[in-house]
Structures are given as structure tokens and as C-alpha cells.
Amino acid sequence: MDFFIDGSGYANGFPFGMISGYSLVSDGFHTVTARQSSGMRTTLLQQTLPFSSGQKYTLVLTDSASGELSFIQVSDTGCANLPANTGCYHLANMSYSGSVYDLLTANGSTAFRNIAFQGVSAYKQTVAGSYSFTVTNAISFSAVQELSVIVNSAVTAITGYREPVLGYSVDINAGKNYTTYLIGNTWSGYSLRAVTVGD
């Protein structure tokens, strides 16, 4: 894929799952275009989106529920006034229509609940360290509580067995913001995967 902002080239030859760095754009509305990199170089999507001064955004090109393409604008403006030895983390589900996930820590505690397709969790303060997360299909039990702050804990949460859909690891550094994007699916060559980026 090639990408353009207001007709000017932004990124060329991006394969599935690749993420660019940040670039400055002026405050206001901008038209973003996605085009095939080879062959007929067909324009696949053109969408006008708002950008606010002083904010960071990631645009995710994904399928829509109707099967067409769509840009999802994810705010990368994370936690403010982080305590010492704490970072900031959130999860975005860009996998496929109908998917709804929970994210569990290594001890079985629920970090995030009910993250639907094209949904993005709120940022949460996360104690710096290395984390192993498990993605599961969401459950509807209202008694399941989310962690208010994500921590590595040796105490095992009592939640019962949850069938893993995907496992991945993340290193959280103090003072930094991180987003994990769930992309792909379970039935094609673009397998379900987690792509984590620091903002």
C-alpha cells in the first residue's frame, strides 16, 4: 500500500502489519488516501479526518464491518503525570468484524474487557517491566473485574480457565506510552497477531 496526505506522498510500499513513524501535520482536516503500490495503483480508500494540534494519532487501515476498507483514528495521547517507574498501555482490536476480546495478565487477572472490533481501550498506568499477555474471547460475566493499574503479580487471579486465542509479550518502560494492535484473523495467511508500538 501507498499512503498520501492531501495528495502528497507519506509512505510507500507498506506490507500488511507495517507501521510508520510519526510526521507533523497542521491542525485541521486532512484527506488521507490509500492506494495499491503495484499493478493498476488503484485508489482503495480516501477519507477526510480531523487532526488536533498537540495530539498524536495513529491511522489504522482495516476492513469495515461491511467488508470495505476504513481508516480508524487512534489517539496516542497517553497517561499524564505518571508516577515513578510507571508506563502507560492500551489495546486496539483491528482484527476482524465480530471479534470481541479480553486481555489477561500472566496470573489470569483481566487487564482489559470486551474490546470489540475497531475498539480501543482506555490507557492504563502500567508498572514498568516485562509482561506476558493472553488474548481470549470475551466473556459476559459481570463479576469479572478489570485491573485499574496493570501490574505483574505472583498472586493468581481466580477466574477459571479461559481458552487462549493469542499470547504475546510486551516490555513497558517508565514514562512511555504503548499500544498493542490485534490484527489479522484465524483463517487466512494473515494470521491473528499482536503488533506493539511505543508512542
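The values are calculated or read from the model by the stated rules, or taken from the named source; none is laboratory data. The model shown is predicted, which means the values in this text are computed figures rather than measured ones. Glycine gets a Cβ as well: all are built from the backbone with ideal geometry, and neighbour counts include every protein chain shown. Accessible surface areas use protein heavy atoms only, side chains included; no ligands, DNA or RNA. Shrake-Rupley method; radii C 1.70, N 1.55, O 1.52, S 1.80 Å.
A compact table of results
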quantity	calculated
Gain on full stretching of the segment that runs from residue 193 to residue 148 - 0.36 nm per residue minus C-alpha separation	13.7 nm
Per-residue ³J(HN,Hα) for region 189-199, Karplus 6.51 cos²θ - 1.76 cosθ + 1.60, θ = phi - 60°, Hz, x for Gly and Pro	x, 8, 4, 4, 8, 10, 10, 10, 10, x, 7
Förster-model FRET efficiency, 30 Å R0, residue 69 and residue 6, C-beta, rounded to 0.05	0.95
Å² of accessible area per residue within region 34-181, as computed with a 1.4 Å probe and no ligands counted	50 Å²
Principal axes of region 1-59: Cα extent on each, largest first, Å	37, 19, 15
In Hz, Karplus ³J(HN,Hα) per residue of region 89-106 (6.51, -1.76, 1.60; θ = phi - 60°; x = Gly, Pro)	9, 8, 10, 10, 9, 10, 7, 7, 4, x, 6, 9, 10, 10, 10, 10, 7, 4
Relative contact order [Cα under 8 Å, 6+ residues apart], region 1-59, whole percent	32 percent
Stokes-Einstein D for the chain, Kirkwood Rh over Cα pairs, 37 °C, 0.692 mPa s (µm²/s)	181 µm²/s
Whole-Hz ³J(HN,Hα) from phi, Karplus 6.51 cos²θ - 1.76 cosθ + 1.60, for region 123-129, glycine and proline x	5, 10, 4, 9, 4, 4, x
